[in-house]
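Working notes for the structure below.
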Amino acid sequence: MSSLARMRLWGMIRKESLQILRDPSSIAIAFVMPVVLLFLFGYGVSLDAKHIPVGIVIEQPDSATQSLVGAFERSEFFRPLHFDAIQTAQQALDEREIEGIVWLRNNFSARLLSGHEAPIGVIINGVDSNQANITQGYIQGTWLAWLGHYAESRGQPRAMPVSLEQRVWFNAALSSRLFLVPGLIAIIMTLIGSLLTAMVVAREWERGTMEALMVTPLHRGEILAGKLIPYFVLGMGGMLFSVALAVWQFDVPLRGSFWLLMLSSALFMLVALAIGLLISIVSKNQFVAGQLAIIVTFLPAFILSGFLFDIHSMPGWIQLITHLVPARYFVAILQTLFLAGDVWPVVLANMGALLIILLFFFTLVWRKFRKRLE
Amino acid sequence: MHFRTIFALAIKEFLALLRDKRSRFVIIVPPIIQLLVFSFAASYDLNDVPVAIYNEDRGGAARELVSRIEGSPNFQIIAYIDSDSDVAPLIDNRDVLLVLHIGQHFSADLIQGTSAPLLAILDGRNSNTAMVAMNYLRSILLDYNRSWLESQGNIGPQVTLQTRAWYNENLQSRWFIVPGIVGLLILVVTLLVTALSVAREREAGTFDQLLVTPLRPLEILIGKAIPGIVIGLLEATLIIVLMVIFFDIPLRGSLGALYLGILLFLLSAVGVGLMISAIAVTQQQAVLGAFLFLVPAVILSGFSTPIANMPQFVQWLTYLDPLRYFLVVVRGVMLEGNGYALLINQYWPMAIIGVVTLALAGWLFRHRMY
C-alpha cells in the first residue's frame, strides 16, 4: 500500500469515527444497550419458578390430608393459598390469582384408608405451557415425596422402586442466567454490527453523500474498509464490555480460552457488519434499512439462534433456515466457551460455518457496491 | 378542530410511507413470513431429544426400561455406550443432551425390592432444555414404576394425580407463543412507522414548515398517529386470521374485547413511537431510540419468560410496558375466552400510557426546535 493510499484510508476511517462520536445514539447502542440488556436478562429474566401460587382445596381435613398439605407448605416452589370450595378456587384461577389447584375431595382419606384408589385432583392454568409443565413437575415431585414417606410410615412397600438421580453438567444449579447472559452477547453484537451499520450507510445514500464519496479517488475497497474498521472497533468494544459484565457482575464462568472467544467474536462481528452493509446497499433508505435490519438480523437472532428455543426440536424446514442465521453458530460457540470450555469440535465447526457465511456476504457486498450512479 | 386538514395530513403521511416500493414491501411481507417461521420455531417443547444409553445391566428390567425410552416420541436414542470415558465426548460435542446410566445391579435391586437407582447426566448449557428433558424422563419412569408394581402384585398406597390443564389442554407451547408473536410484530411495525415519521421531516427540514401551517400541534399529532394505527389494525387482523387458520389457535372469547385491546395497544405504541420521533433529531436516532424501547419491552412483557419469576423491582418496571398488558388480552381472549370484564385491568393502563406519551409527543413538537 503506497503512503498516499494509506493516507486516504486513514482519512476515511477518521471521518467515520468522527461521525460515530458525534452522534450520541451510536455510543448508546454500543454501550448503554449492553448494560440495559445484560441487567434485564441477568437480574430480570428467569425461567426458574419459585413460590408458585397454588390453591389448595380440602373438603374434609384430617391427619392424612394435613401431612400432604404440609408437604406443599414446606416446599420452596409453592405458595399455597387455602380455599373452602372448588368453585372459589376455580374463580381465582380464572382471575389469574393462582397458577394451579390441588383438590382433595371429601372421601379422600376414607378411600385411602380402605385401600381404594384415592385420586388427587390437579387443575393447572395451561396458557403458559412451559410454566404449566414446570408447575406440574413440582406438584408431581411433592406428591411422590409425600407418597414415599406415607408408605414408609405405614410399613408398606416402596411406592417408587426406581429412583432417578440427575447430574447436570456445566450448570449444576440449573440457573437460567448462565445460558441467557452468554447468548445475549450474540444479540448485542448483532445490533451493533448490523443495525447501526445499515442505518449509517443508508443515510449516506439517502443524503447523497455517498455520491460525494464516489467522486473522490478512493477505491471501492478503501471506502468499504473505512466504513468497516470504526464499527468493528466499536462492536468489539461493546463485546469486551459485555464479557466483563457477564463475568464480574453476573458470575458467569468463562471456562474456555479468552483468546478463542475474542477470535470467534471478531469473526461474528465481521459477518454482522457485512450483513449491515449489504442491507444498506440494497435499501438505500433509512426506513427500509431499519426495518430490514430488525427483521433479518435481530428477530432471527432472538428466535432462531438456539439462544432461547431448542433448534433440534424445530420442524425440519425451519432447522434448515436456522443454518442461514449467523447468530446460531455464534450462540453455540458462546454457550460452549463460557460454560463447557474449549470443546474444539464444536468451536471449530461453528467457526468454519461463520467463515463460509462471511466469505459469501463479502462477495455479495463487493459485487453490489459499485462506484456508479444509477 | 379541522377534520379536513387532519385528514389531508394523514393522507400525506400514508403517501410518504407507501410511495416507495421497498417501504411497502417491508411493511407487508416480512411480518407474514416471520409469523410463519417464528410460530413453528418458537416452542419450548422438545421432540426427538438425542440420548445415549449406558447400560451395564443385562437383566430384563433394564431392557424393558430402554425399550420404553425407545418408544417415546420425545426421545431418540442415538448411541449405546459401554464405558465411562464415552460419556464426556458425547455431551461435550452436543451429540446428545442426556446420557442415561443404568448400573450393573439395576435389575437385581429391583427384584430384591431395594431401591434401584438410575443416573441421568445432562448437558446444562441450556438449563431450560435440560429441565424439560428431565421432566419427560421422569414421566416415563413414573409409568415404568407403576407397571412394575402392578406386575409384582405389590400394591402400595393408591394415591394418584389426576391432572387437567385448563385453556391449553395439551400444554402446547405454540398456543402460548404464537399469540405473543402478534403483539411483537405489530409493535415492531407500528413503532417504526411512527418513530420515523417526525424524524424524517426534521431531517428534511419540512417539519418546521408543518409547524408554521395553521395546523395545531394536536392536529399534527392526530394526523401523524392515524397511519400507524391503521397499518397496525390491518396487520393485526391479517395475522390473527392466519393464526386461526394455519396454527389452529382457538379464538374462544369475544372479538370486540380483542379489538378494544388492539386499539388501545396501538394507541400506546403510536404514542411511544411519536414521542421517540419528537425527541430524535435524525432518523438514525429515531430507529435506535425505537430499539432501546423495543428490546426491553419484549423482554419485560412476559412474551417468553414469566413476569412472576422476575425480582420485585423488575416487576414494577413491567407496569410501564404496554406489551405486557396486550399479551394478557390476546392470550386471555384467544385461549381463556375472556370478555371485557376480566380484562378491564389490562385496558386502562394501556390507555393511560397512550394518552401520556401522546401528550408528551405533542408538547415536544413545539418545544424542541433546532
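Report yes if B:Ile91 is over 17 Å from B:Asn47 (Cβ atoms) and more than 32 Å from the chain's Cα centre (by Cα), otherwise no. Explain how you work it out, then say what you get.
On the way: over 17 Å from B:Asn47 (Cβ atoms): yes; more than 32 Å from the chain's Cα centre (by Cα): no.
The answer is no for B:Ile91.
Go through region B:308-370 and tell me which helices (runs of 4 or more DSSP H), entirely inside it, have 3 or more residues that are under 30 Å from B:Thr206 (Cα atoms) and in contact (Cβ under 8 Å) with a residue 12 or more places away in the chain. Walk me through how you get there before you give the answer.
Details: elements: B:312-318, B:322-331, B:340-367.
The qualifying helices (runs of 4 or more DSSP H) are B:340-367.
Mind checking whether some residue in region A:131-150 is facing another protein chain (nearest Cβ under 7 Å), in contact with a Lys or Arg (Cβ under 9 Å, 6 or more places away or on another chain) and of a type in the set (Ser, Thr, Tyr)?
Checked against the condition, which is being facing another protein chain (nearest Cβ under 7 Å), in contact with a Lys or Arg (Cβ under 9 Å, 6 or more places away or on another chain) and of a type in the set (Ser, Thr, Tyr), region A:131-150 yields no hits at all.
Name the one entry in A:Ala118, A:Ala173 that is touching a Pro at 6+ places or on another chain (Cβ under 9 Å), at the interface with chain B (Cβ under 9 Å from one of its Cβ atoms) and modelled with pLDDT under 85.
Numbers: A:Ala173 fails: touching a Pro at 6+ places or on another chain (Cβ under 9 Å).
Selected residue: A:Ala118, the only one of A:Ala118, A:Ala173 that is touching a Pro at 6+ places or on another chain (Cβ under 9 Å), at the interface with chain B (Cβ under 9 Å from one of its Cβ atoms) and modelled with pLDDT under 85.
For B:Glu150, state whether it is acidic (Asp, Glu), within 11 Å of another protein chain (Cβ to nearest Cβ) and assigned to a helix (DSSP H, G or I).
no
I'd like to check something: does region B:100-110 contain any residue that is part of a helix (DSSP H, G or I), closer than 27 Å to A:Ser313 by Cα and assigned by TED's automatic domain parsing to the domain that holds B:Leu137? I'd like the intermediate steps shown before the answer.
Step one: filter region B:100-110 for residues part of a helix (DSSP H, G or I), giving B:106-110.
Narrowing further to those that are closer than 27 Å to A:Ser313 by Cα: none.
The answer is no; no qualifying residue exists.
Which ones in region B:45-98 are assigned to a helix (DSSP H, G or I), more than 11 Å from chain A (Cβ to nearest Cβ) and of a type in the set (Gly, Ala, Ser)?
B:Gly60, B:Ser67, B:Gly71, B:Ser85
Does at least one position in region B:163-174 carry a residue that is part of a helix (DSSP H, G or I) and either more than 8 Å from every other protein chain (Cβ to nearest Cβ) or not small (Gly, Ala, Ser) (or both)? Break it down into steps so the answer makes sense when it comes.
Of region B:163-174, the ones part of a helix (DSSP H, G or I) are B:173-174.
From what's left, either more than 8 Å from every other protein chain (Cβ to nearest Cβ) or not small (Gly, Ala, Ser) (or both): B:174.
Among the residues of region B:163-174, at least one is part of a helix (DSSP H, G or I) and either more than 8 Å from every other protein chain (Cβ to nearest Cβ) or not small (Gly, Ala, Ser) (or both), which makes the answer yes.
Here's the yes/no breakdown for (1) more than 12 Å from chain B (Cβ to nearest Cβ); (2) hydroxyl-bearing (Ser, Thr, Tyr); (3) buried (at least 24 other Cβ atoms within 10 Å of the Cβ); (4) within 17 Å of B:Arg125 (Cα to Cα):
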{"site": "A:Ala301", "(1), (2), (3), (4)": "no, no, yes, no"}
{"site": "A:Ser313", "(1), (2), (3), (4)": "no, yes, no, yes"}
{"site": "A:Gln319", "(1), (2), (3), (4)": "no, no, no, no"}
{"site": "A:Trp344", "(1), (2), (3), (4)": "no, no, no, yes"}
{"site": "A:Leu355", "(1), (2), (3), (4)": "yes, no, no, no"}
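For (1) modelled with pLDDT under 90; (2) touching a helix residue (DSSP H, G or I) at 6+ places or on another chain (Cβ under 6 Å); (3) polar (S, T, N, Q); (4) closer than 18 Å to A:Glu99 by Cβ, each residue gets a yes or a no:
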position	(1), (2), (3), (4)
B:Ile299	yes, yes, no, no
B:Ser304	yes, no, yes, yes
B:Phe313	yes, no, no, no
B:Leu320	no, no, no, no
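Could you please find all residues in region A:213-265 being of a type in the set (S, T, N, Q) and in a helix (DSSP H, G or I)?
As a first pass, look at region A:213-265 and keep what is of a type in the set (S, T, N, Q): A:216, A:242, A:249, A:257, A:264-265.
Those that are of a type in the set (S, T, N, Q) and in a helix (DSSP H, G or I): A:Ser242, A:Gln249, A:Ser264, A:Ser265.
Please go through (1) of a type outside the set (Ser, Thr, Tyr); (2) surrounded by fewer than 20 Cβ atoms within 10 Å (Cβ to Cβ); (3) modelled with pLDDT of 90 or more for B:Ile240 and return the number of the only condition it doesn't satisfy.
With respect to (1) of a type outside the set (Ser, Thr, Tyr); (2) surrounded by fewer than 20 Cβ atoms within 10 Å (Cβ to Cβ); (3) modelled with pLDDT of 90 or more, B:Ile240 is out only on (2).
Would you mention how many residues in region B:114-133 are within 7 Å of chain A (Cβ to nearest Cβ) and not in a helix (DSSP H, G or I)?
Total satisfying the criteria: 12.
All but one of (1) outside the structural domain of B:Ile239 (by TED's automatic domain parsing); (2) more than 30 Å from B:Asp248 (Cα to Cα) hold for B:Leu15; state the number of the condition that does not hold.
Unmet condition: (1).
Determine, yes or no, whether A:Glu117 is among the acidic types (Asp, Glu), surrounded by fewer than 19 Cβ atoms within 10 Å (Cβ to Cβ) and within 35 Å of the chain's Cα centre (by Cα).
Values: among the acidic types (Asp, Glu): yes; surrounded by fewer than 19 Cβ atoms within 10 Å (Cβ to Cβ): yes; within 35 Å of the chain's Cα centre (by Cα): no.
Answer is no for this residue.
If B:Val99 passes every condition in (1) over 22 Å from A:Tyr150 (Cα atoms); (2) crowded, with 19+ Cβ neighbours inside 10 Å; (3) modelled with pLDDT under 90 but one, which one does it miss?
For B:Val99, the exception is condition (3).
Return a yes/no flag: does region A:30-41 have any residue that is touching a Leu at 6+ places or on another chain (Cβ under 8 Å), aromatic (Phe, Trp, Tyr) and more than 30 Å from A:Ala118 (Cα to Cα).
As a first pass, look at region A:30-41 and keep what is touching a Leu at 6+ places or on another chain (Cβ under 8 Å): A:30, A:32-38, A:40-41.
Next, from what is left, pick out any that are aromatic (Phe, Trp, Tyr): A:41.
Pick out the ones that are also more than 30 Å from A:Ala118 (Cα to Cα) and you get A:41.
For region A:30-41, residues touching a Leu at 6+ places or on another chain (Cβ under 8 Å), aromatic (Phe, Trp, Tyr) and more than 30 Å from A:Ala118 (Cα to Cα): present.
Scanning for something at pLDDT 80 or above, of a type outside the set (A, V, I, L, M, F, W, C), crowded, with 18+ Cβ neighbours inside 10 Å and touching a helix residue (DSSP H, G or I) at 6+ places or on another chain (Cβ under 6 Å), does region A:144-163 turn up at least one residue?
Among the residues of region A:144-163, not one is at pLDDT 80 or above, of a type outside the set (A, V, I, L, M, F, W, C), crowded, with 18+ Cβ neighbours inside 10 Å and touching a helix residue (DSSP H, G or I) at 6+ places or on another chain (Cβ under 6 Å), which makes the answer no.
I'd like to check something: does region A:278-295 contain any residue that is under 20 Å from the mean Cα position of the chain (by Cα), within 8 Å of another protein chain (Cβ to nearest Cβ) and over 23 Å from A:Phe170 (Cβ atoms)? First the steps, then the outcome.
Here is the first cut: in region A:278-295, the ones under 20 Å from the mean Cα position of the chain (by Cα) are A:293-295.
This time we only want the ones that are within 8 Å of another protein chain (Cβ to nearest Cβ), so: A:294-295.
Remaining after also requiring over 23 Å from A:Phe170 (Cβ atoms): A:294-295.
Checking region A:278-295: at least one residue is under 20 Å from the mean Cα position of the chain (by Cα), within 8 Å of another protein chain (Cβ to nearest Cβ) and over 23 Å from A:Phe170 (Cβ atoms).
Which numbered condition trips up B:Leu187, out of (1) assigned to a helix (DSSP H, G or I); (2) farther than 25 Å from A:Thr297 by Cβ?
The number of the failed condition is (2).
The values are calculated or read from the model by the stated rules, or taken from the named source; none is laboratory data. Everything quoted here is computed from the prediction, not taken from an experiment. Positions of Cβ are backbone-derived with ideal geometry, glycine not excepted, and every protein chain shown enters the neighbour counts.
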